[in-house]
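The next block holds one structure in the form of structure tokens; read it before the comments.
Each value in this text was obtained by applying a stated rule to the coordinates, not by laboratory testing. These numbers come from a predicted model, not from an experiment. Cβ coordinates were reconstructed from backbone atoms using ideal geometry, including for glycine residues, and neighbour counts include every protein chain displayed.
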Amino acid sequence: MIVDNSRQLALVLFESLAPEGRGVNEAPKALGFRRSNAFVRIVDLSLAGRRLIDVAYFLAASEPEFKKEYRVDYGLFKWLLATTSDNRAHVKKLIREAQKAAIELNGPDEQDDNTIPWGAVPLMGSAFIDNGEFIFELSERLQKAIKNPQASHLLSLRYVFKSIYSKILYDRLQPFMDDGLTPWFDLESLRVWLECDKKTYKVFKHFRGRVLDVAVNEIADVTGLKIVMVTQNVPGSKSIGHVRFKWEDAQHKDDKNVAFVVLRNTYEILRTEFGLNQSEFEEITKNRTVFTDERIQQAIEYTRTQATAKKIRIRAGGYFMKALREGYLIGSIDKQIKEQALETEEISRQSSKTKTVRETNADKEFTARQYKESLLGWEAFNILSPEEQLGLKYEFCKLPTSPMIARRLNLSIEELSNHLSNPAVSTSFGCFVANRVHKASKQSKGSDSGNLFSGK
């Protein structure tokens, strides 16, 4: 599983916050997933049942592959549900409720249209609480909608509502969040999907006071989102016929995110690098007042140093826990020695790198010079008389290196002169002739002879 997996972050937060009695509502806003807009049309499901579905789909969305069943620690599951109660009967009731409910995928909110595909999918398949785990199944069609939402919005599990009206309204507003304004909703449709189409709410002031205002106020309290409801009269009437919602940009910085990112990274180090087991994690989370972030980092640094010095013979995780409990830390002199060693190592590495680069560049320069000399030699050779060319071929074959060249080509030394244009020979022969040109040039400065053979 990748480091920044949402499920992993949830586990880290659970292990850090739950022992202190702090709920999921204190987690960063980013604890959530991108949920398909199709799931805002769930009906006939209680507030707690909707929360259960949100948690289950969050767990499914955090896994990239399709699965026959999903498993999660039961304690983490309850924490994400925002309940610490051990009342299994309540959880079982929610599961059965979710199993009975269905979602209409791709179904419109308005009247039926015979040309639009329609389908109903159970919200949850088989589910079990077994051996400290919550285990559940989802249909493949439902998993496709969860994992690959075309039109989606961010669902944050941090937001825990007390009113089902707040939950439904907030979910309905999410697809329009980027626009900051919803379309007009007629009151009848609004009543239906808020599941309050009873006679009690037929009068708009009752509907507004007991449902809409309650939802708007709680959304503001829980999320910080300031929503304004705008009304529109029925044409030719004083009666309210439509409402729409608009809001200010309430995306404020969540300072806790920074801390939890650090926490998540530390968790990954302890799990993968040191191999801490569950009981060791539990010990850390139960003693966070003593095992501060600073103390954990000191223990990590100390353990790494000892491992580098090959002083850990059994298990790095056990050594780390001992260092954490005893408050071991690297002294200032030890740190200085370590820094000096690292500095020396870096200087040596850079020196070796520089030497390698220098040698490589020298090789390239030498090869370039050879190629240039070879071209010069062949140009000189091609303007010579046949007799002079024959003489140079004969002389080249007499060089100490020529027999080796011939053997590489499976040739006799006598045959070599007939293969001078071969790439394996041409550079050597060209450089040989160029060398004779340079000798002849030097000699010509002191005499009238410019013959290539004058250097024999």
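Look at Tyr394, Tyr201 and count the other Cβ atoms within 10 Å of each Cβ; fewest to most, that gives Tyr394, Tyr201. The calculated FRET efficiency for the pair Glu365 and Leu390, based on their C-beta separation and a Förster distance of 30 Å, comes to about 0.30. Once a ≥ b ≥ c are taken as the square roots of the eigenvalues of the Cα gyration tensor of the range 274-330, is the result rounded (a/c under 1.5), prolate (a/b larger than b/c) or oblate (a/b not larger than b/c)? Oblate, because a/c is 1.5 or more while a/b does not exceed b/c. Per-residue 3J(HN,Hα) values for the range 171-188, derived from phi via the Karplus relation 6.51 cos²θ - 1.76 cosθ + 1.60 with θ = phi - 60°, read 4, 5, 7, 3, x, 9, 4, 5, 7, x, 7, 8, x, 6, 10, 6, 4, 5 Hz in sequence order (x marks Gly and Pro). Fully extending the segment from Ser426 to Lys144, taken as 0.36 nm per residue of separation minus the present Cα-Cα distance, adds 95.0 nm.
Legend: ranking of residues Val160, Val12 from fewest to most surrounding C-beta atoms inside 10 Å; resulting order Val160, Val12. In this rough spin-label picture, where each label sits 7 Å from Cα along the Cβ direction, the Asn382-Thr356 distance is 4.1 nm. Separation of the range 118-137 and the range 269-321, taken as the distance between their Cα centroids, equals 37 angstrom. Pairs spanning more than 30 Å between alpha-carbon atoms, out of Lys162/Lys202; Lys144/Lys205; Lys67/Lys246; Lys78/Lys286; Lys100/Lys162: Lys144/Lys205; Lys67/Lys246. Taken one residue at a time, the phi angles of the range 37-43 give Karplus couplings (6.51, -1.76, 1.60, θ = phi - 60°) of 5, 4, 7, 7, 9, 5, 10 Hz. Gly and Pro are set to x. Fewest neighbouring Cβ atoms within 10 Å first, the residues Val437, Val55 line up as Val437, Val55. In this simple spin-label approximation, Lys439 and Glu63 carry label points 7 Å from Cα along the Cα→Cβ vector, and these lie 8.1 nm apart.
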